[in-house]
1. Condition test on residue 124, is it assigned by TED's automatic domain parsing to the domain that holds residue 180 and more than 30 Å from residue 65 (Cβ to Cβ)?
2. What number of residues in the range 31-61 are closer than 30 Å to residue 168 by Cα and either without any contact (Cβ under 8 Å) to a residue 40 or more places away in the chain or in a helix (DSSP H, G or I) (or both)?
3. Kindly establish whether residue 128 is farther than 17 Å from residue 198 by Cβ and in contact with a helix residue (DSSP H, G or I) (Cβ under 9 Å, 6 or more places away or on another chain).
4. Take residue 111 and decide whether it is more than 30 Å from residue 206 (Cβ to Cβ), modelled with pLDDT under 95 and surrounded by 18 or more Cβ atoms within 10 Å (Cβ to Cβ).
5. Looking at (1) within 19 Å of the chain's Cα centre (by Cα); (2) outside any strand (DSSP E or B); (3) more than 30 Å from residue 139 (Cα to Cα); (4) touching a residue at least 40 places away in the same chain (Cβ under 8 Å), find the lone condition where residue 64 falls short.
6. Mind checking whether some residue in the range 145-164 is in contact (Cβ under 8 Å) with a residue 24 or more places away in the chain, part of a loop (DSSP other than H, G, I, E, B), crowded, with 17+ Cβ neighbours inside 10 Å and under 20 Å from the mean Cα position of the chain (by Cα)?
7. Quick check on my filter: what residues within the range 165-190 are loosely packed, with under 14 Cβ neighbours inside 10 Å and under 21 Å from residue 150 (Cβ atoms)?
């Protein structure tokens, strides 16, 4: 595999973000937050979800309006960008497959955007995402990340790399040492030039707790259940209308955090609700005049009224 990773993020910006920057030069004045980040969310079978995000500082209302307008216009030609994005990723993955001898493929390509608030201001975030099947080697119960980076990995000064381990796995070894380690994440900041096969991370599966632990848990569950049954006589049960209202509040909060609009599929993912439940909630909210549904291709874009 060639050093395509060096220029990959820059190519994405040339494909997409630079058009917007030319209209709003002040948006690149970001300091504490890295402008570009790559999140590799590793899964238990060795696959990974990649998210390449670019943050754009929105210092004024005019800049935010310009960002939203540009992204709305982008949706009309999104398919062209996704095709170019997937072509470049597939070329990289073919090289990695040839170098490692491991079967690989990429799927679920997506480009999305959102407006978020941070401690240092408001940002527009453009995200490129895909699933890399066969990304990491699975060996002797361990997940080993790194062999796809045959020639290393390069982070420019404004870049950050985050590798997130799957549930029930712990970091056994990592090279080079990350700048930040928190919970299940390893974080490196640019400027950094990783060596061949780096970053290298070995993740070890943590076995389930001993059987006696489950015995204690079972006793606690029974005790809690008895306590709940006892209190139910004096505690009014929440009605179906109240449950729906609580769920609507949650969806409303998500929409506000996203700047007032989200795709319906994103709401399903964020809430963890089933598709049918989200559809019922959105129907109720639409009937109440809380939201509007806008058809975008095969997706529904949900906007606050």
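1. no
2. Matching residues across the range 31-61 total 0.
3. Considered against the rule, which asks whether it is farther than 17 Å from residue 198 by Cβ and in contact with a helix residue (DSSP H, G or I) (Cβ under 9 Å, 6 or more places away or on another chain), residue 128 comes out as yes.
4. Spelling it out, residue 111 is indeed more than 30 Å from residue 206 (Cβ to Cβ), modelled with pLDDT under 95 and surrounded by 18 or more Cβ atoms within 10 Å (Cβ to Cβ).
5. (1)
6. Within the range 145-164, the first condition is being in contact (Cβ under 8 Å) with a residue 24 or more places away in the chain, and the residues that meet it are 145-164.
Narrowing the set further to residues that are part of a loop (DSSP other than H, G, I, E, B) leaves 146-153, 156-158.
Retained after the next criterion (residues that are crowded, with 17+ Cβ neighbours inside 10 Å): 146-153, 158.
Subsequent filtering for residues that are under 20 Å from the mean Cα position of the chain (by Cα) retains 158.
Yes, that holds for at least one residue.
7. Scanning the range 165-190 gives 173, 176.
The values are calculated or read from the model by the stated rules, or taken from the named source; none is laboratory data. Worth saying up front: this structure is predicted, and the values here are computed from it rather than measured. So basically every Cβ, Gly included, is an ideal-geometry build from the backbone, and we count neighbours across all protein chains shown.
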